[in-house]
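Have a look at the structure below, then the notes.
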Amino acid sequence: MIKSAEVVIIGGGISGCSIAYNLAKKGVKNVVILEKEYLASGSTGRCGAGVRQQWGREMNCRLAMESIKFFENAKEELEYDKDIEFKQEGYLIVATTEKEDNQFKENVKLQRKLGIPVEYLTPKEAKKIVPHLNTKGVISATFCSKDGHLNPFLMTDAYAKAAKRLGVKIYTYTEVIGIKVKNNKIYGVKTNKGFISTRIVINAAGGYSKQIGKMVGIDLPVYSERHQILVTEPVKPIQGPMVISFSLNIYCQQTPHGSFIMGRGDSNEPKDLRVTSSWNFMEQMTTTAINLLPPLGELRIIRQWAGLYNITPDKHPILGPVKEVDGFYLAIGFSGHGFMLAPMTGLLLAEQIIGEKTTIPIDKLDKDRFERGEMVLEPSVV
Ligand code: FAD
């Protein structure tokens with residue numbers, strides 16, 4: 001293993017690989033990714049892989065909009081030899097409470113102002129888009145045809161291969177076990193395979209980001225929570241868009257291979273690093289799914305699994321340097337939507353590290369916003 005690096009990125013998920021690619025593309029030499037297992041083994045490879053621009057706050061809308069523009073051309077930009085399976089057939093988000101309907105009206109105003117092509121629909125109009133949707137109890141819906149989903153393994157692989165071609169070194173099965181800090185400056189990282197001296201470390205460790213923070217003596221304002229998901233047998237295509245309801249607590253999409261993938265949030269989920277599956281999840285998930293999308297009751301489940309959401313108090317990520325330790329950067333706290341934001345995460349972190357003006361102002365995404373009382377809560381999350 002190499003002995004020194006310009007930048008060390010901890011975590012080989014979509015964020016770490018995107019940051020590495022963007023740094024190398026901007027000419028930074030000797031960038032290293034350290035991954036304790038294999039690429040995409042964390043939340044990235046366990047996620048629903050939905051990408052949407054329909055957010056309730058400007059920051060998430062803008063990060064997602066720019067990221068989707070990237071996904072649309074990712075294969076060409078990254079010179080990837082496979083299809084990344086970007087199925088851009090929209091997100092249909094249904095409201096089942098008056099409060100939610102009011103929020104959707106606000107969301108649509110904001111999204112349209114930003115140029116997001118979103119429609120506000122009656123239940124009847126929503127049913128035209130997803131004919132098997134049970135509209136009983138549905139008050140309204142919003143739809144953006146440019147949202148969708150793509151394959152998280154292929155997308156991570158595309159970034160990793162492009163990064164490698166630009167000189168990035170990727171060490172899998174290499175765990176960071178300590179970070180050397182002296183006089184509030186980064187001096188290097190200790191791994192299970194040796195020491196790498198560096199002045200810049202990026203914490204892109206997903207669900208483990210708090211543990212990495214502790215290595216430099218910082219208690220990061222994030223926690224991890226198990227989120228579960230399941231997949232059915234494949235069937236012929238019947239559902240174009242991802243269907244979501246925040247109030248019913250469900251997201252559900254049909255992948256290009258024909259399987260349905262669905263997940264839900266649960267505030268009673270363990271807030272630790274557990275990624276076991278539960279029977280309770282499967283019961284609640286299938287009950288909600290069959291009620292909202294009745295034909296799904298005919299399908300067999302083939303597998304369920306779990307991954308970690310790394311969550312901030314305002315459901316926005318934390319991006320950028322910290323004031324306590326010179327050279328320590330964060331790309332954490334994606335609160336369940338870090339896959340879709342990864343193109344912007346990579347670009348913005350690279351811009352910050354080399355001292356460029358960021359494409360979008362992100363000083364409000366620093367970790368100290370909570371202490372300053374400046375957080376803006378994102379309402380539209382599962
Ligand atoms: P990760 O993919 O978790 O990568 C971090 C990596 O760091 C891991 O591979 C881990 O092994 C490694 N690591 C940790 N500690 C160390 C160490 N000490 N040394 C070396 N390596 C280390 N997002 C969306 O945008 N759309 C969705 O539809 C969506 N659905 C989701 C559904 C579920 C069930 C879950 C769990 C998440 C979902 N997310 C979704 C969130 C998304 O998965 C994450 O926000 C995103 O993948 C974060 O990527 P990351 O690279 O930051 O973290």
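Every condition in (1) out of contact with any strand residue (DSSP E or B) (no Cβ under 6 Å at 6 or more places or on another chain); (2) in contact (Cβ under 8 Å) with a residue 12 or more places away in the chain; (3) more than 21 Å from Gln304 (Cα to Cα) is met by His257 except one, and the failing one is (3). For Glu269, the test of being modelled with pLDDT under 95, outside any helix (DSSP H, G or I) and within 13 Å of the ligand (Cβ to nearest atom) is passed.
One line per residue, one yes/no per condition, for (1) touching a Lys or Arg at 6+ places or on another chain (Cβ under 7 Å); (2) over 19 Å from Ser209 (Cβ atoms):
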{"residue": "Leu34", "(1), (2)": "no, no"}
{"residue": "Arg57", "(1), (2)": "no, yes"}
{"residue": "Glu66", "(1), (2)": "no, yes"}
{"residue": "Glu85", "(1), (2)": "no, yes"}
{"residue": "Gln88", "(1), (2)": "yes, yes"}
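The number of residues in segment 305-322 that are part of a strand (DSSP E or B), within 12 Å of the ligand (Cβ to nearest atom) and surrounded by 18 or more Cβ atoms within 10 Å (Cβ to Cβ) comes to 8. Contact map, segment 33-51: first residue outside the structural domain of Trp305 (by the TED database) and more than 30 Å from Tyr91 (Cβ to Cβ), second residue outside any loop (DSSP other than H, G, I, E, B) and near the ligand (Cβ under 6 Å from one of its atoms), Cβ cut-off under 7 Å, separation 6 or more or different chains; pairs are Ile33/Gly16; Leu34/Ile10; Leu34/Val176. The residues of segment 290-304 that are more than 14 Å from the ligand (Cβ to nearest atom), surrounded by fewer than 23 Cβ atoms within 10 Å (Cβ to Cβ) and in contact (Cβ under 8 Å) with a residue 24 or more places away in the chain, listed by number, are Asn291, Leu293, Pro294, Pro295, Leu296, Leu299, Arg300, Ile301, Ile302.
The lone criterion from (1) under 18 Å from the mean Cα position of the chain (by Cα); (2) within 14 Å of the ligand (Cβ to nearest atom) left unmet by Glu72 is number (2).
Scanning segment 275-289 for residues that are assigned to a loop (DSSP other than H, G, I, E, B) and surrounded by fewer than 15 Cβ atoms within 10 Å (Cβ to Cβ) turns up just one, Thr276. When segment 361-378 is filtered for residues that are surrounded by fewer than 16 Cβ atoms within 10 Å (Cβ to Cβ), in a loop (DSSP other than H, G, I, E, B) and in contact with a helix residue (DSSP H, G or I) (Cβ under 8 Å, 6 or more places away or on another chain), the ones remaining, listed by number, are Glu374, Val376. Report yes if some residue within segment 338-349 is part of a loop (DSSP other than H, G, I, E, B) and of a type in the set (A, V, I, L, M, F, W, C); otherwise report no. There is no residue in segment 338-349 that is part of a loop (DSSP other than H, G, I, E, B) and of a type in the set (A, V, I, L, M, F, W, C).
One line per residue, one yes/no per condition, for (1) of a type in the set (A, V, I, L, M); (2) under 18 Å from the mean Cα position of the chain (by Cα):
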| residue | (1), (2) |
| --- | --- |
| Gln228 | no, yes |
| Val231 | yes, no |
| Val235 | yes, no |
| Leu248 | yes, no |
| Phe260 | no, no |
| Ser267 | no, no |
| Arg274 | no, no |
| Leu299 | yes, no |
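Name the residue, out of Gly263, Gly207, Gly213, that is in the same structural domain as Gly320 (by the TED database), outside any loop (DSSP other than H, G, I, E, B) and within 27 Å of Gln53 (Cα to Cα). That would be Gly207, the only listed residue that is in the same structural domain as Gly320 (by the TED database), outside any loop (DSSP other than H, G, I, E, B) and within 27 Å of Gln53 (Cα to Cα). Gln54 fulfils the conditions (1) of a type in the set (S, T, N, Q); (2) farther than 18 Å from His337 by Cβ; (3) within 16 Å of the ligand (Cβ to nearest atom) except for a single criterion, (2). Taking residues in segment 226-251 that are assigned by the TED database to the domain that holds Thr276, and partners anywhere that are part of a strand (DSSP E or B) and among the charged types (D, E, K, R), the pairs with Cβ atoms closer than 7 Å and at least 6 places apart or on different chains are Leu230/Arg303; Val231/Arg303; Asn249/Arg264; Ile250/Arg264.
Criterion first (surrounded by fewer than 23 Cβ atoms within 10 Å (Cβ to Cβ) and farther than 26 Å from Leu347 by Cα) does Arg226 satisfy it?
Details: surrounded by fewer than 23 Cβ atoms within 10 Å (Cβ to Cβ): yes; farther than 26 Å from Leu347 by Cα: yes.
It is true that Arg226 is surrounded by fewer than 23 Cβ atoms within 10 Å (Cβ to Cβ) and farther than 26 Å from Leu347 by Cα.
The lone criterion from (1) in the same structural domain as Lys25 (by the TED database); (2) in contact with a helix residue (DSSP H, G or I) (Cβ under 8 Å, 6 or more places away or on another chain); (3) in contact (Cβ under 8 Å) with a residue 12 or more places away in the chain left unmet by Lys357 is number (3). Against the numbered list (1) in contact (Cβ under 8 Å) with a residue 60 or more places away in the chain; (2) more than 16 Å from the ligand (Cβ to nearest atom); (3) surrounded by 14 or more Cβ atoms within 10 Å (Cβ to Cβ); (4) not assigned by the TED database to the domain that holds Ala5, His132 comes up short only at (3).
Condition check for Ile212 on (1) more than 27 Å from Lys25 (Cβ to Cβ); (2) within 10 Å of the ligand (Cβ to nearest atom); (3) in contact (Cβ under 8 Å) with a residue 40 or more places away in the chain: one failure, at (1).
The values are calculated or read from the model by the stated rules, or taken from the named source; none is laboratory data. Remember, predicted model here, so these are calculated numbers, not experimental data. Cβ atoms come from the backbone with ideal geometry, glycine included; neighbour counts cover every protein chain shown.
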